Structures are given as C-alpha cells and as structure tokens.
Ligand code: C5P
C-alpha cells in the first residue's frame, strides 16, 4: 500500500521547488496531499499542486466544505508522514510555540506522525539567534530537520539558506516513512489452533482452542517485518495480513509441515496440538443404531512438535512454547520448558474453560532467567508484548535489522 505524505508548503520563494518535489514523490509511488499556507499561496497556486499531486489541496482551517469532507484531525491522521518543504522561519517559530492559527500549524500541532521539515530562508534569518533557538527546540521535539544548503540565495545574498537538494530531502523522507521493521530479515514460524484427530470419516477428537492467540502472534511478527509462516489447525480465525498460511488437520500433518519449514530464526508453537490420536481410523462412518457403542479405540500419543523443533539439528535461535494449565501453573510450565527444550514458555491458567475463544488472556512468561506475570491483556496485546521481547532478545544476539 502506498504511503501517504502530507506536504505543507509555507511562504518562501523555494515553494516553487515543491512542485518538483511532488513529482519526485509521485515517481516513488507516494500518495501526496498538499496543504498550502496563505504566504505559500503567493508563490504557488493550489491548481498547480492539485494537478501534480492528483489530490485536493487544503489551505483553509475554517472551510465548511473541507471540514465536512475530511476534518483537519482526520487529515493529519491519514498521513504516514508530514513534510514541511519549504519551512519558513515563521512556521518554525509557530511550531516551537505551539501556535495553531491556520490549517498548516493546526495539523502540525495535532499530529501523532513523524514530521520532516526542510527550512529555506535568507542567510541572516537562518543565522538569527531566534531561528537557532527554534531549530534546537524542534530537534528536541523530535522533528527531523533537513538543513538548508549553502549557496546563492534568491535574494542575491550568499550563505546558508537554500532549500536542501530535492534528492536529499527525498532520501530523508524515504527513510522516515519506512515502517519500524526490526524483524525484516528474519523468518518466523508460528503454529496455531487445535488439531483434528480423525476417528472415522466424519468424526474427530479435538479441543477448544480458537487459534486467536497464535494468529495474533503471527500478525504481530509480520507487522514488524518478519517473513512469517503460520501453520494452523482448523479455526475460524481469518488469515492474518502479510502472513503465509498453511492449513493442516492432524498433529502428524502439523509436525511434517513444521519440520519441512525449518530452518527459521524463531518458532512460536501456540497450537493446542491434540496429545493423542486414535490407533486406527474407522474406514466407514460409525453407525449410531446401537444404544451403547461397544467399540474400542486405543489412543496413542502424538509427536510433540515443540519438542521436535527444540531438539532439531536445525533448531531456531529462539523457540517459544505455550502452556495451558488448570493447576500449578508456574511449576508445570517451568518443568515443560526444561523437558521440551524450548527457550520460553508462555503459561496461562485455563481452569473452568477460561481463555479459550476469548479476546483477553493473562499470562506468565517463563524463561531461563526467571518469570514475569503480565497483567490481563487482549490477545493482540499479549502477542505484541511477546514480539517486543523477541525483538530485544534477537537484537542482543545481533540478529535483527
Ligand atoms: O504439553 P503441552 O501440550 O501442555 O505443551 C504445550 C506446548 O507444547 C504448546 O506450545 C504446544 O504448541 C506444544 N505442543 C506441541 N505438540 C504437541 C503437544 C504440545 O507442539 N503434541
């Protein structure tokens, strides 16, 4: 999906260069929406900006039409990045003071997005102590400043004040607009959902896992850039965006698919794999006529996928299991971590059917170093917190981007 840039053009002769900047941004497939200040209008016309950007141009804070179509807060939220180019000394001073007396400054005050500014002004204005103070404060406020270049200025004077080279501004925009993706170069594997262990062609043994937690982990890993393969048993959860999904039925299918997917950098086994399967599958549907079914099924243990991954020759750098317990949560989970050979266990109490299918989860994370109990969170938040930990741990091992 193309990134959305809100380009604010303030009053400087360099505003004419914003037309070329829009063209460069469009070539890179950015979606550009322009906001023009009153002084900016003295140098470029809304018509030229609309024609080049292909979008409506905004300039009026109190336009009834604009506010009903797209309010100024929505306009600032819709952007991935705000760029002020050129940024006049005046707009910088207003940003520092938090003044919001027109559309551009209101958007800058209301934004929760990164802001890049490219100042352009007369050399004396740039060198003025007031501007110097403002530049320092803007940097402290987290604004990215593309310093003006040195050369002959529009007014004929020489010095620092020319709008930076457009390709330089473009490079900074590209860097700032890139999402935070520390897991970009990493491969992750996630198992999720229950498994179905067939008894006959229509019946099976399963459990109450919904797949919500495992799917949320896959989504959170993908969001931070990992190349994620989600191997899922049958669930009604939608496939997470940006994740490759392989659907399996039984524990044996899941094991085969998981082992074929190795090597990966990180594996999160959140599936509630059925511990047993029937020793045989009746070839025909078992008839219901008898009031007592005198048929015997012997159940045999399924392979432990988490253990197989943890003890594999192609073991991922980080292997994480889940433990659903009805009693002695931490002791059982600690024991499970050692027995199965994984690095971490995310443990939760499921007494009384709690957790299954619900949106919230309360977990204890067990690692070699100890354990930490997290507050009750949504399953998405548990996934995000877990992935944050994964990033920190892989970073320490020098594995993240
Ligand atoms: O032993 P228990 O089923 O409680 O262990 C839970 C953890 O082990 C989960 O991470 C689950 O995905 C994994 N597991 C597995 N294969 C099995 C059983 C459990 O991967 N056959």
Of all residues in segment 72-89, count the ones that are touching a helix residue (DSSP H, G or I) at 6+ places or on another chain (Cβ under 8 Å) and assigned to a helix (DSSP H, G or I).
5
Quick one: would you say residue 166 is buried (at least 19 other Cβ atoms within 10 Å of the Cβ) and more than 30 Å from residue 283 (Cα to Cα)?
no
For segment 90-138, name all the residues that are out of contact with any helix residue (DSSP H, G or I) (no Cβ under 8 Å at 6 or more places or on another chain) and in contact (Cβ under 8 Å) with a residue 40 or more places away in the chain.
90, 102
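Go through segment 3-24 and report how many residues are assigned to a loop (DSSP other than H, G, I, E, B) and within 27 Å of the chain's Cα centre (by Cα).
Just the residues of segment 3-24 that are assigned to a loop (DSSP other than H, G, I, E, B), to begin with: 3, 10-12.
Then keep just the ones that are within 27 Å of the chain's Cα centre (by Cα); that gives 3.
Summing the residues that are assigned to a loop (DSSP other than H, G, I, E, B) and within 27 Å of the chain's Cα centre (by Cα) in segment 3-24 gives 1.
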Residues (over 21 Å from residue 170 (Cα atoms) and in contact with a strand residue (DSSP E or B) (Cβ under 7 Å, 6 or more places away or on another chain)) located in segment 95-110:
103, 107
Please specify each residue of segment 313-342 satisfying the condition of being closer than 21 Å to residue 221 by Cβ, within 12 Å of the ligand (Cβ to nearest atom) and assigned to a loop (DSSP other than H, G, I, E, B).
342
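Is it true that some residue in segment 102-123 is over 34 Å from the mean Cα position of the chain (by Cα), in a helix (DSSP H, G or I) and surrounded by fewer than 17 Cβ atoms within 10 Å (Cβ to Cβ)?
Within segment 102-123, none of the residues are over 34 Å from the mean Cα position of the chain (by Cα), in a helix (DSSP H, G or I) and surrounded by fewer than 17 Cβ atoms within 10 Å (Cβ to Cβ).
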Within segment 208-230, is even one residue within 15 Å of the ligand (Cβ to nearest atom) and over 26 Å from the mean Cα position of the chain (by Cα)?
yes
Which numbered condition residue 314 fails, given (1) surrounded by fewer than 12 Cβ atoms within 10 Å (Cβ to Cβ); (2) touching a strand residue (DSSP E or B) at 6+ places or on another chain (Cβ under 7 Å)
(2)
Residue in segment 124-131 that is modelled with pLDDT of 95 or more, surrounded by 13 or more Cβ atoms within 10 Å (Cβ to Cβ) and either on the phi > 0 side of the Ramachandran plot or assigned to a loop (DSSP other than H, G, I, E, B) (or both) present
yes
Which residues, taken from segment 196-244, are surrounded by fewer than 17 Cβ atoms within 10 Å (Cβ to Cβ) and free of Cβ contacts under 8 Å to residues at least 40 places away in the same chain?
236, 238, 239, 241, 242, 244
Does segment 165-187 hold any residues that are in contact (Cβ under 8 Å) with a residue 60 or more places away in the chain and either over 30 Å from residue 319 (Cα atoms) or in contact with a strand residue (DSSP E or B) (Cβ under 7 Å, 6 or more places away or on another chain) (or both), and which are they?
166, 167, 169, 170, 173, 174, 176, 177, 186, 187
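Could you tell me whether any residue of segment 292-300 is in a loop (DSSP other than H, G, I, E, B) and either crowded, with 20+ Cβ neighbours inside 10 Å or touching a residue at least 40 places away in the same chain (Cβ under 8 Å) (or both)?
Scanning segment 292-300, I find at least one residue that is in a loop (DSSP other than H, G, I, E, B) and either crowded, with 20+ Cβ neighbours inside 10 Å or touching a residue at least 40 places away in the same chain (Cβ under 8 Å) (or both), so the answer is yes.
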Could you tell me whether any residue of segment 54-72 is over 25 Å from the mean Cα position of the chain (by Cα) and closer than 23 Å to residue 160 by Cα?
no
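Does segment 263-277 contain at least one residue that is in a loop (DSSP other than H, G, I, E, B), in contact with a strand residue (DSSP E or B) (Cβ under 8 Å, 6 or more places away or on another chain), without any contact (Cβ under 8 Å) to a residue 60 or more places away in the chain and within 15 Å of the ligand (Cβ to nearest atom)?
First pass over segment 263-277, keeping only residues in a loop (DSSP other than H, G, I, E, B): 263-265, 270-271, 273-275.
Okay, now just the ones that are also in contact with a strand residue (DSSP E or B) (Cβ under 8 Å, 6 or more places away or on another chain), so 263-265, 270-271, 273-275.
Filter once more, keeping what is without any contact (Cβ under 8 Å) to a residue 60 or more places away in the chain: 275.
Within this subset, residues satisfying the condition of being within 15 Å of the ligand (Cβ to nearest atom) are 275.
Yes, segment 263-277 has at least one match.
The values are calculated or read from the model by the stated rules, or taken from the named source; none is laboratory data. Please read all numbers here as calculations on a predicted model, not as lab measurements. We place every Cβ from the backbone using ideal geometry, glycine too, and count neighbours over all the protein chains shown.
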